[in-house]
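Notes to accompany the following structure.
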Amino acid sequence: MAANLSPVASPALDVERVRRDFPILDTVVNGHPLVYLDSAASAQRPRAVLRAVEEYETHSHANVHRGVHALSQAATAAYEGARERVRRFINARSTREIIFVRGTTEGINLVAQAWARPRLRPGDEILISTLEHHANIVPWQLVCEQTGCTLKVAPINARGELELEEFLELLGPRTRLVGVAHVSNALGTVLPVKRVIEAAHEVGAVVLIDGAQAVPHSIVDVRALGADFYVFSGHKLYGPTGIGVLYGREELLAAMPPWQGGGDMILTVSFEKTTYNELPWKFEAGTPNISGAVGLAAAMDYLESLGLPAVAAHEQRLLQLATAELARLPGIEIIGTAAQKASVLSFTMKGVHPHDLGTVLDAEGIAVRTGHHCAMPVMTFFGLPATARASFACYNTEHDVSELVRALGKAREVFV
Amino acid sequence: MDLKELYRDVILDHNRHPRNFGRIESADRSAQGHNPLCGDELSLFLRMNGTRVEDIRFEARGCAISTASASLMTEAVKGKERAAIRELFEEMHRLLTRHDEVPAASLGKLAALSGVREFPARVKCASLCWHTLNAALDHDAATVSTE
């Protein structure tokens, strides 16, 4: 992934044109033009996504895989077409490996309950890192309670990087599953996931990568990475909320029991014996989020039309600019200074609580995330209750960075 | 919106220089408050004389609103009877949640927190200390959460 984040030869992004694709950027917030620096929480949607969803809802909606009528067939084609779009986006072998879920959180819970829970025993270990989002911690804690297996946590260093040596030492014959983020949501650290996967496979462990913060910023090729499971959310990728993707290697998914029962996940049902549907539908009980899948496919089209390398290079420039500008401000401490980062700038201001910072910035029309970022162990590691976090996307500009810097000066005037 | 309505001088002052800050050794009552959303943490220590709060101190790690609110609260309730504190609690609740309410005269300096109601995401910051005080008065030791 690191290669994708360096400014490789790619056409520069025409940001002003990109901005015109996002109608919400015209919003006025508290008397100021919106400066949206919270895309790591949820990215905004381009018109192409809004239109695709409306088009589907207006002309093609019915239930999928059910009727012989025209609309049901149109909906099924749109939904399964979206699955093929996702397969191409992450270069999976087959659409049987693409499970639509509500988001990253549901994808991880699915793997925890359908892969880990039936297999793990007391003495087995699950290995994660200190950097994980709660969604990649709590599902494994539940599995530990349910099976008696043990959760191990690989440490990070003061820059917010995974301590690879200690991670490798924690890997062993007892390790059955490794779950790590591709990019830390709280700090922006890019983890060496290819190395992690190779090492985990050497000891026979299965690897789940939480890709929620990675897919918007780099080309992810699940086969080149060698990931067993890779999960991400649509709404961080300029798509709708309530839709996400679990990629799983087919042989693993095929050996897993369904995790929810209901319609669409069965072939035949009788009170004596029910047979389950084939992949991927075995894991998609109930009517799915059809318009969400359609919107996600449109978001992938859109992002590829911009060119992910160009988007990544643009975001890296903004991240470097913002890092340099904030570092010059009195009282600002940047939290997370990894050599490889993507999009995210977490920081604190001496004497000002992040929530007060967030309120002052909001009064200036600037949206940042403040809080523990659903990564309380990371906050604990740095001895902080919370940080402020600015995150950059394809539609952000140098002007957004200077507005942030200006408003931080204002916050300092108020409180210090 | 006007930030000065939220961060009035009284609030900024109590944030920079919180009153009654610290612990009471061998307190009669204590309670911890926690706002998981913000990470605000608050400890209250009370010395009682019957049903009267003889002394009150607090320790906190939180935003300006939660720190100032706790500081103002300790000043307001010190020396008061439980029944009077209950009434203050109700008045504060109205102040923080009702938009058209004129602050009751009994609130005194606490009325400086009225700006908080225009910032819904911050109401819990101001109310945490009051819920924690309730817990301390109702139980000998307790932990309350805003969630």
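Which residues belonging to segment B:106-132 lose at least 40 Å² of 1.4 Å-probe accessible area when the assembly is complete, relative to their chain isolated? Checking the loss per residue gives B:ARG122. Note on the protein assembly as shown: antiparallel DSSP beta bridges, both residues inside, total approximately 65 percent of the bridges counted.
Under the simplified labelling scheme, the A:ALA324-B:ARG23 pair shows an inter-label distance of 4.8 nm, with each label point 7 Å from Cα along Cα→Cβ.
A 1.4 Å probe, protein heavy atoms only, puts the accessible area of A:THR150 near 60 Å². Solvent exposure of segment A:50-304, expressed per residue, is 39 Å² of accessible area, with all protein chains present and a 1.4 angstrom probe.
Taken over segment A:50-304, the percentage of Cα pairs per 5 Å bin, counting from 0 up to the bin with the maximum distance, is 1, 6, 13, 17, 19, 16, 12, 8, 4, 3, 1, 0. Enter the Cα centre distance for the pair segment B:13-84 and segment A:142-203, rounded to the nearest angstrom. Between the Cα centres of segment B:13-84 and segment A:142-203 lies a distance of 41 Å.
Can you put A:GLU16, B:GLU87 in order of accessible area, largest first, using a 1.4 Å probe?
Output order, biggest surface exposure first: B:GLU87, A:GLU16.
Remark: accessible surface ordering of B:SER43, A:SER305 (largest first) is A:SER305, B:SER43, probe radius 1.4 Å. Here the calculated FRET efficiency for A:VAL416 and A:THR287, from their Cβ-Cβ distance with R0 = 51 Å, stands at 0.40, rounded to the nearest 0.05. Normalised by 2.2 N^0.38 Å, with N the number of residues, the alpha-carbon radius of gyration of the protein assembly as shown equals 1.07. For the chain pair A and B, buried accessible area totals roughly 1400 Å², probe 1.4 Å, rounded to the nearest 100. Once both labels are positioned 7 Å from their Cα atoms along Cα-to-Cβ, the gap between B:ARG61 and A:SER42 label points is 3.0 nm. For the pair B:THR51 and A:ALA70, label points projected 7 Å from Cα toward Cβ lie 7.8 nm apart.
Applying 0.36 nm per residue to the separation of B:LYS109 and B:ARG86 and subtracting their alpha-carbon distance, the gain on full extension is 6.6 nm.
Cross-link check: pairs A:LYS341/B:LYS4; A:LYS410/B:LYS109; A:LYS350/B:LYS80; A:LYS410/B:LYS78; B:LYS78/B:LYS124 evaluated at a Cα-Cα cut-off of 29 Å; pairs beyond the cut-off: A:LYS341/B:LYS4; A:LYS350/B:LYS80; A:LYS410/B:LYS78. For segment B:3-145, what proportion of DSSP beta bridges, expressed in % and rounded to the nearest 5, is antiparallel? DSSP beta bridges in segment B:3-145 are roughly 75 percent antiparallel.
For the set B:ARG61, A:ARG389, solvent exposure ranked by accessible area (probe 1.4 Å, protein chains only) runs largest to smallest as B:ARG61, A:ARG389. Comparing the full protein assembly with the isolated chain, the residues of segment B:29-56 losing at least 50 square angstrom of accessible surface (1.4 Å probe) are B:CYS38.
Taking a ≥ b ≥ c as the square roots of the eigenvalues of the Cα gyration tensor, segment A:1-151 is oblate, since a/c reaches 1.5 or more and a/b is not larger than b/c. Quick one: among A:CYS144, A:CYS394, A:CYS374, which has the greatest mean-square fluctuation in a GNM of chain A with alpha-carbon springs under 10 angstrom? Most flexible of the set in this elastic network: A:CYS374.
Here, segment B:3-145 is characterised by an Rg to Rh ratio of 0.94, where Rg is the alpha-carbon radius of gyration and Rh the Kirkwood radius. Using a 1.4 Å probe on the protein chains only, how many percent of the accessible area of segment A:50-304 belongs to carbon and sulfur? Percent of accessible area from carbon and sulfur atoms in segment A:50-304: 51. For segment A:50-304, the share of DSSP beta bridges that are antiparallel, to the nearest 5, is 45%.
Tell me the carbon and sulfur percent of the accessible area for chain B, rounded to whole percent, probe radius 1.4 Å.
48 percent
The trypsin sites (Lys or Arg not before Pro) of segment A:269-361 meeting both criteria, a DSSP state outside H, G, I, E and B (loop) and at most 10 other C-beta atoms within 10 angstrom of the site's C-beta, are A:LYS273, A:ARG328. Of the residues in segment A:399-416, those shielded by at least 50 Å² of accessible area once partner protein chains are present, compared with the chain alone at a 1.4 Å probe, are A:VAL414, A:PHE415.
Just the accessible area per residue of segment B:1-123, please: how many Å² with a 1.4 Å probe?
46 Å²
Estimated at 0.36 nm per residue, the fully extended path between A:GLN141 and A:ASP301 surpasses their Cα-Cα distance by 53.9 nm.
Using Cβ point charges alone (K and R +1, D and E -1), the dipole size of segment A:50-304 about the Cα centre works out to roughly 300 debye. Of the peptides B:104-110, A:177-183, the order by per-residue mean of other Cβ atoms within 10 Å, starting with the highest, comes out as A:177-183, B:104-110.
For a modelled paramagnetic label at A:THR27, 7 Å from Cα along Cα-to-Cβ, the residues of segment A:344-384 in reach, with backbone nitrogen under 19 Å, are A:358-371. When chain A is treated as a GNM with alpha-carbon contacts under 10 Å, the residue of A:THR268, A:THR130, A:THR105 showing the greatest mean-square fluctuation is A:THR268. Comparing A:GLY351, A:GLY148, A:GLY226 in a Gaussian network model of chain A (Cα springs below 10 Å), the most mobile by mean-square fluctuation is A:GLY351.
The values are calculated or read from the model by the stated rules, or taken from the named source; none is laboratory data. Quantities reported herein were computed from a predicted structural model and do not represent experimental measurements. Glycine gets a Cβ as well: all are built from the backbone with ideal geometry, and neighbour counts include every protein chain shown. Keep in mind that these areas ignore ligands, DNA and RNA; they rest on the heavy atoms of the full protein, side chains included. Shrake-Rupley method; radii C 1.70, N 1.55, O 1.52, S 1.80 Å.
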